[in-house]
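Take a look at the structure set out below.
The values are calculated or read from the model by the stated rules, or taken from the named source; none is laboratory data. Here the structure is a predicted model, which means the values were calculated and not measured. We place every Cβ from the backbone using ideal geometry, glycine too, and count neighbours over all the protein chains shown.
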């Protein structure tokens, strides 16, 4: 069964996590993603842990892609890149716009050669505005977006999210833009430029309450740890062997929670009889919930809470999460290793009935497909050998 993007050719010039995450989403959906690497290789290939000489992290975000190594500072390397763009549906990069234009690979240059091309760009702060040349990493984006100010305890410093949300949200957003542009091209017959930034994407995620609250009346919330400012009980509570997250936003949910914890009378206590009352008496209700949960294990309480339909979940370590049979069934897959065997990987979260998102080929070795790709452009093996000797390309060991 083919993927929903089967036949779509993507030329991938990205070099950091945000860009890699955009193109791995397209690759998982069936696009033919050709990854362009510099002769020095991508630094993430060296990240730990290494599995048979390949970075597990690099493999996770570059699966289902092919690799060609081009020296874009070499005239012949640039010419090859231009010829590849002529045959591509999508070009993706996360360089500053001036970098790609200087190489002859900017939007205007490539669109003149291929009017159907979709040119997708991702940066830290966007192609316009006073910060467009500012260097960016995920922590700096979490900081400037306001996201970091909301994370952490009220009496402690701001805390980074445990995963690089700036990179991941930007990559997902760019992949979404590419899909929309492909659909638009079906109607118009022409491509277009699409662009987003890490800052744009993460600020958009403030739509989850805090941004609209500020825009409505200037309200600015401080860090409240695992609480939220408009609901109680809500957050992480200690059980006998770890923590559980419990949420009871409505009166019905609070009554169910009270019943699951063996104290149905709590729901009739005037201090807790409405959402407003529970919020006004947050410390009291949270103290009662915590004291009760501490008497037994997470497993015991999850059975009781599930039986009552209370939204709850154990605070798992990554190892506990990826060992949970229910999570493994949907989220852990096996993918081939470029040097033999298989390794576990994380499944794409999308599910399709009529098309497949189940192709999980290994990430490419460095320059693995250089010779094969150049053959497809009409270069002979002798010409490829000369290009490699001249420093325009690198032919990988797996080619």
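Before moving on, here are some points about what is shown:
- Any hit, the stretch 43-54, residues being in the same structural domain as residue 335 (by TED's automatic domain parsing), touching a residue at least 24 places away in the same chain (Cβ under 8 Å) and farther than 23 Å from residue 341 by Cα: no
- Within the set 69, 8, 99, the sole residue that is modelled with pLDDT of 95 or more and either closer than 25 Å to residue 116 by Cβ or out of contact with any helix residue (DSSP H, G or I) (no Cβ under 9 Å at 6 or more places or on another chain) (or both) turns out to be 8.
- Of the numbered criteria (1) over 26 Å from residue 213 (Cβ atoms); (2) surrounded by fewer than 19 Cβ atoms within 10 Å (Cβ to Cβ); (3) touching a strand residue (DSSP E or B) at 6+ places or on another chain (Cβ under 6 Å), the one residue 115 fails is (3).
- Scanning the stretch 152-178 for residues that are in contact with a helix residue (DSSP H, G or I) (Cβ under 8 Å, 6 or more places away or on another chain) and either over 20 Å from residue 127 (Cα atoms) or outside any helix (DSSP H, G or I) (or both) turns up 158, 159, 160, 161, 164, 165.
- Residue 26 vs. criteria closer than 19 Å to residue 361 by Cβ and in contact (Cβ under 8 Å) with a residue 40 or more places away in the chain: yes
- Of the strands (runs of 3 or more DSSP E) contained entirely in the stretch 238-339, those carrying at least 3 residues that are more than 18 Å from residue 225 (Cα to Cα) and within 28 Å of the chain's Cα centre (by Cα) fall at 332-336.
- Restricting 127, 120, 102 to residues that are farther than 17 Å from residue 190 by Cα, assigned by TED's automatic domain parsing to the domain that holds residue 75 and surrounded by 14 or more Cβ atoms within 10 Å (Cβ to Cβ) narrows the list to 127.
- Within the stretch 345-355, the set of residues being under 27 Å from residue 54 (Cα atoms) and either in contact with a strand residue (DSSP E or B) (Cβ under 6 Å, 6 or more places away or on another chain) or outside any strand (DSSP E or B) (or both) comprises 345, 347, 348, 349, 350.
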